[in-house]
1. In the stretch 182-206, how many are at pLDDT below 95 and within 21 Å of Gly96 (Cβ to Cβ)?
2. Mind checking which residues of the stretch 229-242 are of a type outside the set (Ser, Thr, Tyr) and surrounded by fewer than 21 Cβ atoms within 10 Å (Cβ to Cβ)?
3. For the stretch 85-101, which positions are outside any loop (DSSP other than H, G, I, E, B) and touching a residue at least 12 places away in the same chain (Cβ under 8 Å)?
4. Taking into account only those residues within the stretch 202-228 that are open to solvent by 30 Å² or more (accessible area, probe 1.4 Å) and in a helix (DSSP H, G or I), which is farthest from Leu168 (Cα to Cα)?
5. Working only within the stretch 41-78, note down all residues that are open to solvent by 20 Å² or more (accessible area, probe 1.4 Å) and within 21 Å of Met151 (Cα to Cα).
Amino acid sequence: MSDVLSPRQGCNVYSWRRPQSSATPLGVPYHAAMQFYKPYQEDHVNFIYNLLFCDDLTLWKNENTIEGAGLWPTLLAEKPDLESLKKIANDEANEGRVRALAFHRLRELGQKPPPKKLFGVIVEVPQEQGLDIMAAFSEGGVRYINYSGAMAIFEGSGNPVEKLAKELIASAQPVVDQIGPWDKKRLPPPDVGKVRITMLVSDGLYFGEGPFEGLNRDPLAGPVLHSATRLLQRVVDTPSHS
């Protein structure tokens, strides 16, 4: 990401995270994996950061979502209708975050999701001053959080960064096709010297991390970082909807 995704020292290995032999049974892993991390000074920024990963439904619950109209009452119901959840998850007209949440809920309920459907890509780049993070979703929405806590948000069809956001999603599909979901607790933000790429997928969170140079040379990660760089450049040059 331009000067943000720059080479760092202190780490000489990188890896894609693959399923472990002690995998948690289907329907269990993410209910126990909910984590609320605080990489920023302001609570509302930490809240937005944790929302990005779509792995904790409790963060989305409020009076409007639980009792309002639309998809949310179904997504957040104590005993949701499975067929309605599947319809939300499989509807390509829905936002990537909504579809990721629906598949997350289905997994919690013991359903076996179709694998490898990608709905979001999150690139985390720690700085000495804090954490930079870029998130793009399958419908073209974008969230960028600067290490200072400043945010840029783009939503809706036709937004000025939609095309580049979808290019970032497309660049990560080959990664998803070759690795598998992480079955343990979501990790805290990476340490300075590393870059982490997390993917929101129908069958779980996928991720890989390592030093910039290692990931940049990797045939899978390199295109993702290049797409993230192009997206960041457009984001910082464009007034956001935030």
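The values are calculated or read from the model by the stated rules, or taken from the named source; none is laboratory data. Fair warning: this is a prediction, and the values are worked out from it, not measured in the lab. Every residue, glycine among them, receives a Cβ derived from its backbone with ideal geometry; neighbour counts consider all protein chains shown. Ligands, DNA and RNA are stripped out before the accessible areas are found, and what is left, the full protein with its side chains, is counted by its heavy atoms. Shrake-Rupley method; radii C 1.70, N 1.55, O 1.52, S 1.80 Å.
1. 2
2. Let us first name the residues in the stretch 229-242 that are of a type outside the set (Ser, Thr, Tyr), namely 230-237, 239, 241.
Answer for the stretch 229-242, where residues must be of a type outside the set (Ser, Thr, Tyr) and surrounded by fewer than 21 Cβ atoms within 10 Å (Cβ to Cβ): Arg230, Gln233, Arg234, Val236, Asp237, Pro239, His241.
3. Matches in the stretch 85-101: Leu85, Lys86, Ile88, Ala89, Gly96, Arg97, Val98, Arg99, Ala100, Leu101.
4. Once the filter is applied, the top-ranked residue is Glu213.
5. Gln41, Glu42, Asp43, His44, Phe47, Ile48, Leu51, Leu59, Trp60
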